[in-house]
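Please treat every number below as a calculation from the coordinates, not as lab data. Owing to the predicted nature of the structure, the values given are computational and were not obtained by experimental measurement. Cβ coordinates were reconstructed from backbone atoms using ideal geometry, including for glycine residues, and neighbour counts include every protein chain displayed.
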Amino acid sequence: MTSTSRLPLLAGLPLAVGAGLAIPVQGRINGALGARLNDGIAASVVSFSTGLVVMVLISLLLPRGRAGLARILPAVRSRAFPRVYVLAGGIGALFVFAQSFTVGILGVALFTVATVTGQTLSGLLVDRLGIGPAGRKQVTAIRVIGCVLTIAAVAWAVSPRFTGTAGGGSDGGAAALLVPLLLPVAAGFLMSFQQAMNGTATVHYGTPIAATLVNFVAGSVVLWTAYAIKMATAGPGNPLPGEWWYYVGGPMGCVFIGLGALLVRSLGVLVTGLGMIAGQLLGSLALDVILPASGTIVAPATVLGTVLTLAAIILATLPWPRGALRSGHR
């Protein structure tokens with residue numbers, strides 16, 4: 001078995017934040033592509049297919065990529081890890097589909113709070129179960145408090161968007177958002193499991209490049225199958241747009257999937273996820289300020305909620321003294 005080197009918290013956490021910055025940008029692009037094509041599945045196929053092309057090129061051109069490519073089949077055949085882990089890309093496919101299908105309905109802010117809620121809850125669970133390569137991490141009271149504060153702060157940060165949506169005066173305003181919110185919540189919840197699976201596979205492949213490639217292969221198979229069924233039943237949507245920027249969502253996915261696979265071994269699933277959440281919020285806020293979408297609201301609550309979220313993440317990720325507010329005393 002090969003292994004990747006571990007990164008200290010002060011080096012790994014900024015990388016996780018940087019990876020998270022790509023998520024809202026990808027969400028905005030995939031959401032716009034879904035609206036342009038009038039087809040969320042087609043937009044997801046485009047995003048995953050472009051990401052797959054990028055990962056194939058990286059795997060073939062870089063020596064480390066070729067070395068990882070050679071280790072994939074031996075690792076799977078020898079059952080170095082559960083074979084179901086190679087299907088982690090299906091979770092990524094669900095996440096991209098959720099972006100393409102719901103960002104146009106919810107906006108980047110509501111999509112973010114939904115995925116953050118699911119990801120934060122499952123991050124605690126995955127670390128407790130020890131599914132990732134970092135092994136089991138005890139659930140302390142400080143971690144739980146930090147996670148609860150993170151969810152509350154994110155909700156506060158996007159509360160102006162809730163108010164603006166529900167302010168139409170009819171019951172359909174907020175209620176109409178409930179069903180679309182469930183999809184990104186589920187996608188966010190499964191993301192922690194995806195990161196744990198990818199992190200474990202990375203240890204055996206020796207590089208996150210191989211794990212990311214396998215993700216895009218599995219996700220592309222799932223999405224192309226779904227698209228073929230959709231084509232057979234409903235026909236094609238609108239033609240592909242000519243603007244180049246519609247096609248950079250997939251390469252951005254390569255960034256946060258690859259970094260996530262690399263970082264979970266050093267930071268654990270929860271801390272990696274929280275770092276990416278910080279990046280998501282900062283990226284969402286920057287998008288809303290620099291390139292606001294229609295109906296975007298940048299209110300004081302958005303800024304203050306983002307700041308409180310960062311503080312909550314710091315609370316949950318700092319290496320507190322052993323036994324400090326531990327939830328289970330011996």
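Quick notes on this structure:
- Helices in the chain, meaning DSSP H runs of at least 4 residues, each add -39500 (n - 2.57). Divided by all residues, the mean residue ellipticity at 222 nm is -27000 deg cm²/dmol.
- Based on Cα contacts under 8 Å between residues 6+ apart, the chain shows a relative contact order of 38 percent.
- The modelled label-to-label distance for the pair ALA35/TRP224, using points 7 Å beyond Cα in the direction of Cβ, is 3.0 nm.
- Projecting the Cα positions of ALA226, VAL86, SER100 onto the charge dipole of the chain (unit charges on Cβ atoms of Lys, Arg, Asp and Glu, taken about the Cα centre) puts VAL86 furthest along the positive direction.
- Computed over the chain, the ratio Rg/Rh where both radii use C-alpha atoms and Rh is Kirkwood: 0.97
- Scoring 80-86, 226-232, 115-121, 276-282 by mean Cβ neighbours within 10 Å over their residues and listing the highest first yields 276-282, 115-121, 80-86, 226-232.
- FRET efficiency for GLN138 and LEU291, using Cβ-Cβ distance with R0 set to 25 Å, rounded to 0.05: 0.05
- Across region 1-135, Cα-Cα pairs more than 25 Å apart make up 42 percent of the total.
- Packing order of peptides 50-56, 236-242, 205-211, 263-269, highest average first: 263-269, 205-211, 50-56, 236-242 (average count of other Cβ atoms within 10 Å over each peptide's residues).
- Scattering curve values for region 75-123, log₁₀ I(q)/I(0), Debye with Cα scatterers, q = 0.13, 0.20, 0.23, 0.27 Å⁻¹: -0.44, -0.75, -0.86, -1.00
- In this structure, ALA299 and ARG77 have a Cβ-Cβ separation that, at R0 = 56 Å, corresponds to a calculated FRET efficiency of about 0.55.
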